[in-house]
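Take a look at the structure set out below.
The values are calculated or read from the model by the stated rules, or taken from the named source; none is laboratory data. This structure is a prediction, so every number in the text was calculated from the model and none was measured. In this analysis, Cβ positions are derived from the backbone assuming ideal geometry, glycine residues included, and neighbour counts consider all displayed protein chains.
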Amino acid sequence: MSRGVVAAAGFLASLTIAAVSQIMATGASAQVLLAQAQAPAQPQNVEANIASLHRRLQITPAQEPQFNAVANVMRENARAEASAPAQPAPNTTAVDDLRAVIKYSEVELAGYRRLLPALEALYATLSPVQKRTADTVFREGPGG
């Protein structure tokens, strides 16, 4: 497993733990935290991220098929996240709020799982310089 994927998984786990800790410590609603944590998954943002990734990695024509597979998973993940409930209905309980956070986290995790094989295939074709760039880009996250 690549360091970037491990870092992403660790980051997701730490966000979940931090959110639950914040809910317990401050009494903040999971609904509020969920709304704050979610960036709108808009197609133009995904396309901009894909274009930026292509440019930063300096994808060669020979790498296009593997890159296109990554790009297609990114688009699929954005659609899945956009269709996940952004926040629970008003006047929900703390239990319902936490369920919504879990549901969204599951959608994100499923996206990481879809991305991994495509990213592994692309990563295998990258030069050492491109790999270092990819490591940096994926550590930074979208919009890095």
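Report every pair of residues separated by at least 6 positions or lying on different chains whose Cβ atoms are under 6 Å apart, first residue within region 53-74 and on the phi < 0 side of the Ramachandran plot and surrounded by 16 or more Cβ atoms within 10 Å (Cβ to Cβ), second assigned to a helix (DSSP H, G or I) and aromatic (Phe, Trp, Tyr).
Here the result reads Ile59/Phe67, each pair linking region 53-74 to a residue that is assigned to a helix (DSSP H, G or I) and aromatic (Phe, Trp, Tyr).
What pairs come out if I take residues in region 91-103 that are surrounded by 13 or more Cβ atoms within 10 Å (Cβ to Cβ) and pair them with residues that are assigned to a loop (DSSP other than H, G, I, E, B) and of a type outside the set (Asp, Glu) whose C-beta lies under 6 Å away, six or more apart or interchain?
Every condition considered, the pairs that remain are Asp96/Pro88; Asp97/Ser29; Asp97/Pro88; Ala100/Pro85; Ala100/Pro88.
Please find, within region 41-92, the residue that is farthest from Thr133 (Cα to Cα) out of those that are of a type in the set (S, T, N, Q) and in a loop (DSSP other than H, G, I, E, B). Don't jump to the end; show me each part of the working.
In the first step, residues of region 41-92 are kept if they are of a type in the set (S, T, N, Q); the result is 42, 44-45, 49, 52, 58, 60, 63, 66, 68, 72, 77, 83, 87, 91-92.
If we keep only those that are in a loop (DSSP other than H, G, I, E, B) as well, we get 42, 58, 60, 87, 91-92.
Values: Gln42: 25, Gln58: 9, Thr60: 14, Gln87: 35, Asn91: 45, Thr92: 44 Å.
So the residue we want is Asn91.
Out of Ala51, Ala89, which single residue is aliphatic (A, V, I, L, M), more than 20 Å from Phe138 (Cβ to Cβ) and at pLDDT 55 or above? Before the answer, list the steps.
Working: Ala51 fails: more than 20 Å from Phe138 (Cβ to Cβ).
After applying the criteria, what remains is Ala89.
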